[in-house]
Structures are given as structure tokens and as C-alpha cells.
Amino acid sequence: MPQIKSHPCFLTPKQIKPECPLFVFLPGMDGTGKLLRSQTAGLEVGFDIRCLAIPADDLTSWDVLADKVVGLIEAEIKQDPQRSVYLCGESFGGCLAIEVALRATKLFERLILVNPASSISRRPWMYFGIPLTQIVPEYFYQFGSMVGLPVLAALGRIAPSDRQALMEAVQMVPQKTAVWRLSLLREFNVGDIELNRITQPVLIVAGASDRLLPSVTEAERLANSLPNAQTVVLPESGHACLLEKDVNLYQIMKDCKFLPSRDKGSHTFSLPKHQPVSSSV
């Protein structure tokens, strides 16, 4: 994938598949777009993948960031406006995906949320501690980032090379940027009425062993507000579950019948209102 530019952009894998549905991944707090690495090969079976990269110096609001993502997607499908688009957001990117979907509800065929950080208000120690992050000395911030990795991820379930990639991604986020992105999460407030506007099928993936956020509870809450959602609970997975060796997002989507239909004109179908699924794929 190319290097991140000085403005939000899409990173593109070596294999381009314009004949396939577009799969857009919105990353977590790191913003690099590179931590989908362990899922890319599987997803390339049926999708043309783009990963959003947010520069470390980007301190824009939800509105501006969401508008930029919509613009990037519209540019990708300009030659084929009827092309199916799957939008996938993890953690911070899950909140951004909701913001993007609300701005361009007809642009997407389906939405995937992986441990969305929309539950941060239900972690008081995080919610009220965010303002303190900006006054912590830089060296303490860097040290805390490394010490906090076992909370962020189930490290024993992640291959050594991917653990290294995760550590590098965390270290790449300057303190000022981390504080800004955390403040965005603190301000994130999308109510039931707004969520009801997202009528496309939504798949919510939650790690039952998430030590950072109450992701299973949040998945249930979102599924109750989204008209056409189902949930998958990964019993042993942590917050950064897409890096785990035993998690295969493409297989999860296949098991949930969430893959593209061969009939390009078939863009909608009904899913159960709430279908908890335990999986360790």
C-alpha cells in the first residue's frame, strides 16, 4: 500500500478488482489504515478494498472528516455509480462509519461495525479521564500507550508480526492527535432516531473479551436501534479483534449471509432484527 498523504486518502492493496463490490475500511484510533493487514487476503476474494488513512496532523471535526470520506467514496465509484459499496468501521472508525452512513445513506449497500467506540460514555474512567490526557507529559503518554496494549488487544491471540504492527501504529499517533480523537469520541452522540435512518443491513461484530469497551452491550444497544441489524459475538476476542489469528472477517460475513449477491440489482433484503451469534472463526 502507498504511504499516507497529508490529507485523508485511501490506501489501495496491490490487487485492484474494479469488477467487485467496493469494501471501504475506516480504521481505529491509529488512523493508519494498515491494521486490516491480516484480513485483506480473505476479503480480496470478493471485494475491491480501500482503507482510509487519516494523517496524524488531521484535527478536523466529525462533520468535516465524514464529508471527506463521502467524497473519497464518490470519486471511487464515479465510473460506476451503481457499484455496491460495503462500509466497515472498527472502534473509532465505527463511529466515523455511522457518521458517514447518516450523511449518504443511499451510497452504501451494507454496513459493518466492529467493536464501535460509540460506547465510550459507558466507561466513566475513560469518558471523564479524556481531558486529563492532554496534560500528561509526552514521555508518560508514550509509556502509557505501550503499557495499555494488553487492554487494547488480546495479545496472545495475535501473531508476533501483527503485534509489532499494532505497537508501531500506536506509537505513530502523537499525543495531540490522540487527545483530539478521544475528544471526538467523547462528543459522539447519535440517538435512536438518527440510527433508525440507517435502513441498510448492518452487521455488528463484538469481542466478548474486550477489556477496553463494553462492546457486547453496545452491539445489543445498536442492534435495537438499527432497523436491519444482526450481531456476532466473538467469545474470546478483544478490542482489536481483526488482528487476531482466529478471526476471519470474510468467513464471518459468509456465515451471516452478508456477502454480495450475484444479482447486482438486488441491493436490499431483510435480516432478523437482532440475531446474536457466538463465533470463534
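The values are calculated or read from the model by the stated rules, or taken from the named source; none is laboratory data. The model shown is predicted, which means the values in this text are computed figures rather than measured ones. Every residue, glycine among them, receives a Cβ derived from its backbone with ideal geometry; neighbour counts consider all protein chains shown.
Things worth noting here:
- For the range 58-71, a tally of residues being surrounded by 15 or more Cβ atoms within 10 Å (Cβ to Cβ), in contact (Cβ under 8 Å) with a residue 40 or more places away in the chain and either out of contact with any helix residue (DSSP H, G or I) (no Cβ under 8 Å at 6 or more places or on another chain) or not in a helix (DSSP H, G or I) (or both) returns 3.
- Flag for Ser215 being polar (S, T, N, Q), within 15 Å of the chain's Cα centre (by Cα) and farther than 27 Å from Glu19 by Cβ: yes
Listed here are the residues, each with its yes/no results for (1) modelled with pLDDT of 90 or more; (2) crowded, with 18+ Cβ neighbours inside 10 Å; (3) of a type outside the set (A, V, I, L, M).
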{"position": "Ala223", "(1), (2), (3)": "yes, yes, no"}
{"position": "Asn228", "(1), (2), (3)": "yes, yes, yes"}
{"position": "Ala240", "(1), (2), (3)": "yes, yes, no"}
{"position": "Lys264", "(1), (2), (3)": "no, no, yes"}
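- Selection within the range 156-171 - closer than 18 Å to Met29 by Cα and either at pLDDT 95 or above or of a type outside the set (A, V, I, L, M) (or both): Asp162, Arg163, Gln164, Glu168, Gln171
- Here is the figure for the range 202-229: residues that are within 25 Å of Arg37 (Cα to Cα) and touching a strand residue (DSSP E or B) at 6+ places or on another chain (Cβ under 6 Å) total 10.
- For the range 187-203, the criterion of a residue being more than 26 Å from Arg103 (Cα to Cα), touching a helix residue (DSSP H, G or I) at 6+ places or on another chain (Cβ under 8 Å) and either touching a residue at least 60 places away in the same chain (Cβ under 8 Å) or surrounded by 16 or more Cβ atoms within 10 Å (Cβ to Cβ) (or both) is satisfied by no position.
- If you go through the range 1-20 and keep only what is buried (at least 20 other Cβ atoms within 10 Å of the Cβ) and farther than 21 Å from Pro174 by Cβ, you end up with just Phe10.
- Ala208 being surrounded by fewer than 22 Cβ atoms within 10 Å (Cβ to Cβ) and over 20 Å from Ala229 (Cα atoms): no
- Take the conditions (1) over 17 Å from Phe92 (Cβ atoms); (2) under 19 Å from the mean Cα position of the chain (by Cα); (3) modelled with pLDDT of 95 or more; (4) not in a helix (DSSP H, G or I); Ile252 misses just one of them, which is (4).
- Residue pairs whose Cβ atoms lie under 8 Å apart, sitting 6 or more positions apart in sequence or on different chains, and linking a residue in the range 14-39 that is on the phi > 0 side of the Ramachandran plot to a partner that is basic (Lys, Arg), are Gly31/Arg181.
- Residue check, Val147 crowded, with 18+ Cβ neighbours inside 10 Å and either modelled with pLDDT of 95 or more or more than 18 Å from the chain's Cα centre (by Cα) (or both): no
- Any hit, the range 17-40, residues being over 20 Å from Ser183 (Cα atoms), assigned to a loop (DSSP other than H, G, I, E, B), over 17 Å from the mean Cα position of the chain (by Cα) and of a type in the set (A, V, I, L, M): no
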